[in-house]
Amino acid sequence: PPANAGRAPGPPDGGWGWVVVFGAFISIGFAYAFPKGLAIFFKEIQDFFGTSYSEIAWVSSIMLATTYGAGPISSILVNRYGSRPVVIFGGLLCGIGMVSAAFCTSILQLYICVGFITGFGLALNLQPSVIIIGKYFLKRRPIANGLAMAGSPVMLCTLAPLNQFLFDNFGWRGSFLILGAILLNCCVAGALFRPIGAATASVKTQATEEGKAAPKEEVTKDAMEMSSPMNVPMDTKMEEEGGKDCCEKINQYLDFSLFKHRGFLIYLIGNVLMFLGFFAPIVFLAPYAKHIGIDEYSAAFLLSILAIVDMIARPTTGIVANSKWVRPRIQYFFSFSIAFNGTCHLLCPLASGYTGLVIYSIFFGLAFGMVCAMLFETLMDLVGAARFTSAVGLVTIAECCTILLGPPIGGTLIDTFGDYKYMFIKCGAVMVLAGTFLFIMNYYNYRMLAKEEKERKAKEEDPKSVRTDNEGRNNWNKETVQDGPELEPLREEREGLKKEVNGT
């Protein structure tokens, strides 16, 4: 079939796409920054319910786990209904969760309202926002992703003083009511995600032409295997769904065949390893500054420095990644960013004073922004826009485990040795290892892709080799199938088909 059969119109790379980027900026910003901003209320909530710090810390842990662990569910819903209704529904869940939390009377109710309901709402905001950008942008996609991902540091800088202001004037219950109303802005952001419709009329026309042009049943079967499920006519699709079992229906919306994709597996292993050391340094940066004798306000200002540099680094990285020198080998740039991030953590223990920690925060913010700006862009570069929805869902649920394990492992090292430097060394070593692994394996992947492309072109340029393969397959069938008079009509039909195909 034609290369553009049944596909949606090409990405406009501009126009309404920049409005979509603004909506993604809001949704992604809330999804990443909101769990961090809630820590301001934990001390008063802990005193109100009489719980320990570890018990109140589970609120953020459950929220993060739900946000990342609900990735496959979010991907299934996006494949089924599209990005716009999923984000609007997610914004409603966020608002309901926070408003309900304002009336909680136990810590268990906070786990449910803030951790599960709001966390699930944030999950429905995060992935559709990333997916819709891939449908609106192709040539400028790294820039668009960088601008959208900049929503995280911008929201973090905004929510931190806003939450402190709300806390001082309304307490934690009144603040949760107001934050629930603010999170309803995710519904407005989702309303901006205007879908790009598929060319359904052209699909029917092309399907009719394909039926006339295809020689026989074998060619039609190969064409159907190459096309995606969305390109199948609706009547045929409904008939096939009746005979599918549960696993096949799930695989229709969540493509588990990605686990056979070489580039996807390399990305998955490298990122799961990276997240063991990705978030822990942010969690322990301010406590480390206080540990070496720096006052509370100066320690908190380190996070502001990190967020400001991160805010600038993300769109800048998108522009660099979109350049003609970096775009063809963006996987190498991503590997370098991870290794650079790890190197910053390895050098952090050398910073003995406040000036050294300021320098560390600047470089850490730069490296953190570089990694975040390319986190989804490199995945889309590997699997393509068509399979990106499923890929994001599978990646986030795998990353969920290491995101939860990273900070507790760092805290265990601090409790064991009584020093923060071992935690920074652990995080740095893990991230350098992840960056090195991705660099080596992406080099191998690029070599294999070049080799496969060369072999494919050689076969296309030499039609005799294709005919020889078909003849060899037919000869093998002749040798393995026992001849008999009852097979004579089948042999004649096969010879007729072969002549017709060779003639066309």
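Summary of computed values
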read-out	value
Unsatisfied cross-links (Cα-Cα over 21 Å) in the set LYS139/LYS459; LYS43/LYS290; LYS260/LYS426	LYS139/LYS459; LYS260/LYS426
Mean separation of Cα contacts under 8 Å (6+ apart) over length of segment 253-456, as relative contact order %	40 percent
log₁₀ of I(q)/I(0) at q = 0.11, 0.12, 0.13, 0.16 Å⁻¹ - segment 253-456, Debye sum with one point per alpha carbon	-0.54, -0.64, -0.74, -1.04
Accessible surface of segment 11-196, 1.4 Å probe, proportion on carbon and sulfur as whole %	71 percent
Accessible surface of segment 338-416 [probe 1.4 Å, protein heavy atoms]: carbon and sulfur percent	74 percent
Accessible surface ranking that places the most exposed of TYR354, TYR81, TYR443, TYR288 first, with a 1.4 angstrom probe	TYR81, TYR443, TYR354, TYR288
Inter-part distance where segment 329-385 and segment 115-149 are each reduced to a Cα centre, Å	20 Å
For segment 421-435, Karplus couplings with θ = phi - 60° (6.51, -1.76, 1.60), whole Hz, Gly/Pro x	5, 5, 5, 5, 5, 4, 4, x, 5, 5, 6, 5, 4, 5, x
Cα gyration tensor shape of segment 137-197, rounded if a/c is under 1.5, else prolate or oblate by comparing a/b with b/c	oblate
q = 0.16, 0.17, 0.18 Å⁻¹, segment 37-156: log10 I(q)/I(0) [Debye, one scatterer per Cα]	-0.81, -0.88, -0.95
Amide H partners (placed H, <5 Å) of ASP255, local residues excluded	SER390
Mean separation of Cα contacts under 8 Å (6+ apart) over length of segment 314-400, as relative contact order %	34 percent
Exposure ranking of TRP16, TRP172, TRP58 by accessible area [1.4 Å probe, largest first]	TRP58, TRP16, TRP172
Net charge over other residues, Cβ less than 12 angstrom from the Cβ of ILE330 (K, R count +1; D, E count -1)	+2
Cα-projected label distance for LYS43 with THR416, points at 7 Å along beta-carbon direction, nm	3.1 nm
Net +/- balance of residues flanking LEU375 in space, Cβ distance below 15 Å, scoring K and R +1, D and E -1	-2
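The values are calculated or read from the model by the stated rules, or taken from the named source; none is laboratory data. Computed from a prediction, not measured in an experiment: that's the story for all the values here. Glycine gets a Cβ as well: all are built from the backbone with ideal geometry, and neighbour counts include every protein chain shown. Side chains are part of the model used for accessible areas, which takes the heavy atoms of the whole protein and leaves out ligands, DNA and RNA. Shrake-Rupley method; radii C 1.70, N 1.55, O 1.52, S 1.80 Å.
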